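Since the structure comes first, as structure tokens, the remarks are kept for the end.
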Amino acid sequence: MDKLAFLLSEGVKNLWRHKLTSFSSIFSIFLTLIISGTLIIVSQNTSKVIEYLRDKYKIEVFFKNEITFEKVEEVVSNINKINGVRSTTVISKDDAEKIFKSQFGEDIMKIIGYNPLPISCVVNIVKDDTKTINIASIINKLKSFQEIDEINYQGRIISRIEGYYQLFVRLMTSILIIVFFISIFTISNTIRLTIYAKEKLIESLQLIGATRSFVKAPFIIEGILIGFIGSALSSLLLIGLLEFSYDLIYTYLSFKIEYDIKLLILTLCSLSIIISFIGSSRATARFLK
């Protein structure tokens, strides 16, 4: 117990003596964990975001007037085989007449004496695939059917937003990797300064027979304390932002953010310990030979 108390107190003292360098290490871990937490939340909501976006896709296919319903069914079966198409809904001429009446309050048969509305089809896009759907490719394949007269869709903006979303994830991941290594380097330098400052004490401990593990322990503890403080600050900020923005996002976008607070905190703490342990181990392995 005396040994453990001594090692812990030395770790805390090391942290306090080098406040400025410790602060830079804490900030680098804080930044790393903020980006990590953001990516965790994004990944937990990826399927919901993509499903939300793809719900906005609306591809309407109108067939030529002379095409029979049997031929339409044959074409629709081929449309269902296109990569990225989830399902189709055929709207017959009678159904189109009913829709026209419900929307405009007029009976088209009484107005012009016949039903000029074509058979149409609503094409539904795959929702549960996290990969970007190439809408242009689907449209081009639909245009290849000679039986189709017109195609209307509202997916250009949504497709572009989806592309920006994927770009955001890749950019954040790249930044995370860079900041991850910066954090390790910063912690390593902080521990190295502490080692330099305690050079005489380390020599004395080694002379009286202290093991290598005993000498290294306070510096490892210092690194873990830095990681713990960084994870605590980042967890508090992320949870605060999530709680603040939850109702706001739902009010304006009707979108509920899903997040597991326990999993988020556990992941951030684990990641901070890994970063701080690697950084402090790197410094002690290099300078405590």
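The values are calculated or read from the model by the stated rules, or taken from the named source; none is laboratory data. On a predicted model such as this, the values are computed, not experimentally measured, just so you know. Positions of Cβ are backbone-derived with ideal geometry, glycine not excepted, and every protein chain shown enters the neighbour counts.
Among the conditions (1) at pLDDT 80 or above; (2) under 28 Å from E51 (Cβ atoms); (3) not aliphatic (A, V, I, L, M), the only one that F181 does not satisfy is (2). Scanning the range 215-248 for residues that are loosely packed, with under 14 Cβ neighbours inside 10 Å and either in contact with a strand residue (DSSP E or B) (Cβ under 8 Å, 6 or more places away or on another chain) or of a type outside the set (S, T, Y) (or both) yields L236, G240, E243, F244, D247, L248. Suppose the filter is polar (S, T, N, Q), part of a helix (DSSP H, G or I), touching a Leu at 6+ places or on another chain (Cβ under 7 Å) and at pLDDT 75 or above; does S245 pass it? Taking the combined requirement at face value, the residue does not satisfy it.
Residues are listed down the side, and each one gets a yes or a no for (1) among the acidic types (D, E); (2) farther than 24 Å from E73 by Cβ; (3) modelled with pLDDT of 75 or more:
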| residue | (1), (2), (3) |
| --- | --- |
| K98 | no, no, yes |
| S102 | no, yes, yes |
| D107 | yes, yes, no |
| G113 | no, yes, no |
| P118 | no, no, yes |
| D129 | yes, yes, no |
| K141 | no, no, yes |
| D149 | yes, no, yes |
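Per the listing R54, R17, the residue uniquely out of contact with any helix residue (DSSP H, G or I) (no Cβ under 6 Å at 6 or more places or on another chain), at pLDDT below 80, among the charged types (D, E, K, R) and surrounded by fewer than 19 Cβ atoms within 10 Å (Cβ to Cβ) is R17.
Restricting the range 94-126 to residues that are in contact (Cβ under 8 Å) with a residue 12 or more places away in the chain and either part of a loop (DSSP other than H, G, I, E, B) or of a type in the set (F, W, Y) (or both), the residue that is surrounded by the fewest Cβ atoms within 10 Å (Cβ to Cβ) is P116. Within the range 226-245, residues that are aromatic (F, W, Y) sit with their Cβ atoms under 9 Å from residues that are buried (at least 22 other Cβ atoms within 10 Å of the Cβ), at 6+ positions apart or across chains, in these pairs: F228/S272; F228/S276. Does the range 276-285 include one or more residues that are in contact with a Lys or Arg (Cβ under 8 Å, 6 or more places away or on another chain), β-branched (V, I, T) and in contact (Cβ under 8 Å) with a residue 24 or more places away in the chain? Yes - at least one qualifying residue is present in the range 276-285. For the range 73-93, indicate whether the set of residues that are in contact with an Asp or Glu (Cβ under 8 Å, 6 or more places away or on another chain), assigned to a helix (DSSP H, G or I) and surrounded by 14 or more Cβ atoms within 10 Å (Cβ to Cβ) is non-empty. Yes, the range 73-93 contains a residue that is in contact with an Asp or Glu (Cβ under 8 Å, 6 or more places away or on another chain), assigned to a helix (DSSP H, G or I) and surrounded by 14 or more Cβ atoms within 10 Å (Cβ to Cβ). Just one of the listed residues (I99, I34) is in the same structural domain as I187 (by TED's automatic domain parsing) and among the hydrophobic types (A, V, I, L, M, F, W, C), namely I34.
Applying the set (1) part of a helix (DSSP H, G or I); (2) surrounded by fewer than 12 Cβ atoms within 10 Å (Cβ to Cβ); (3) modelled with pLDDT of 75 or more to S25 leaves exactly one unmet item: (2).
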